[in-house]
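The values are calculated or read from the model by the stated rules, or taken from the named source; none is laboratory data. Note that the structure is predicted; figures quoted are calculated from it, not measured. Quick reminder, even Gly has a Cβ in these numbers, built from the backbone with ideal geometry, and neighbours come from all protein chains shown.
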Amino acid sequence: MADSRDVLSRLEELSVSAHLLSKLKHAQAAARAALEGEFGRIGITIPQFLALAFIAESAGTISSAELARQSYCSPQAMITIVARLQAAGLITRTPAAGGGRSLTMRLTDKGTELLSSARAHAYAIERFVLDRLGAAAYAQLLDSLDRVTAALSQGTTVTKTAPWDAYLHDLES
């Protein structure tokens, strides 16, 4: 197995598209295109799918703001998505039991059916990837992606430094 310093030194020689972050972006774009194609066949968007899935998983306890965070969109965009889901008869919104301005969102039967269909389309894509990679490589990829996400999620600290700043100093030496 190659030494990490050797791998890092060779990165400078590679084209941008050969780097990890580029490959992650290309994989994300390909996954998004595949999902958009499948979801387009049944009349749903990725943000709508995510909203329906998170509403279903939360048993009606999720707020629009939390839906926005989990669906990777702005709170304003989520308000529009929720309004469209409600207008399409896919969700209901009722006042929360505790009172106040909070609304409880639940899937309607129509929303549950659409979510089930959308999941089947998404899972078909995942099964295709699983068949291409094999079970061991698929499991390793999932683990590796979780580790990459955890590492990059450390972000900057109060001192405005990032965990990877030390690697910048290595390159400057």
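Restricted to segment 6-24, and to residues that are surrounded by 10 or more Cβ atoms within 10 Å (Cβ to Cβ) and of a type in the set (Gly, Ala, Ser), which residue is nearest to LEU168 (Cα to Cα)?
By that ranking, first place goes to SER9.
Conditions (1) surrounded by 10 or more Cβ atoms within 10 Å (Cβ to Cβ); (2) part of a helix (DSSP H, G or I), marked per residue:
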{"position": "ARG93", "(1), (2)": "yes, no"}
{"position": "ALA97", "(1), (2)": "no, no"}
{"position": "LEU114", "(1), (2)": "yes, yes"}
{"position": "SER117", "(1), (2)": "yes, yes"}
{"position": "ILE125", "(1), (2)": "yes, yes"}
{"position": "ASP131", "(1), (2)": "yes, yes"}
{"position": "GLN140", "(1), (2)": "yes, yes"}
{"position": "ALA150", "(1), (2)": "no, yes"}
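Taking only segment 3-59 into account, find how many residues are under 30 Å from ARG84 (Cα atoms) and assigned to a loop (DSSP other than H, G, I, E, B).
Looking only at that region, the number is 4.
Can you tell me which of (1) more than 18 Å from the chain's Cα centre (by Cα); (2) exposed (fewer than 12 other Cβ atoms within 10 Å of the Cβ); (3) charged (D, E, K, R); (4) modelled with pLDDT of 95 or more is the one ARG101 doesn't meet?
(4)
Might you check whether a residue that is assigned to a helix (DSSP H, G or I), out of contact with any helix residue (DSSP H, G or I) (no Cβ under 8 Å at 6 or more places or on another chain) and either touching a residue at least 24 places away in the same chain (Cβ under 8 Å) or closer than 30 Å to PHE128 by Cα (or both) occurs anywhere in segment 81-90?
Step one: filter segment 81-90 for residues assigned to a helix (DSSP H, G or I), giving 81-87.
Add one more test, that the residue is out of contact with any helix residue (DSSP H, G or I) (no Cβ under 8 Å at 6 or more places or on another chain), and what stays is 83, 86-87.
Filter once more, keeping what is either touching a residue at least 24 places away in the same chain (Cβ under 8 Å) or closer than 30 Å to PHE128 by Cα (or both): none.
No, because not a single residue in segment 81-90 is assigned to a helix (DSSP H, G or I), out of contact with any helix residue (DSSP H, G or I) (no Cβ under 8 Å at 6 or more places or on another chain) and either touching a residue at least 24 places away in the same chain (Cβ under 8 Å) or closer than 30 Å to PHE128 by Cα (or both).
Tell me which residues, restricted to segment 35-69, are crowded, with 17+ Cβ neighbours inside 10 Å and among the aliphatic types (A, V, I, L, M).
Across segment 35-69, the qualifying residues are LEU35, ILE44, ILE46, LEU50, ALA51, LEU52, ALA53, ILE55, ALA56, ILE62, LEU67, ALA68.
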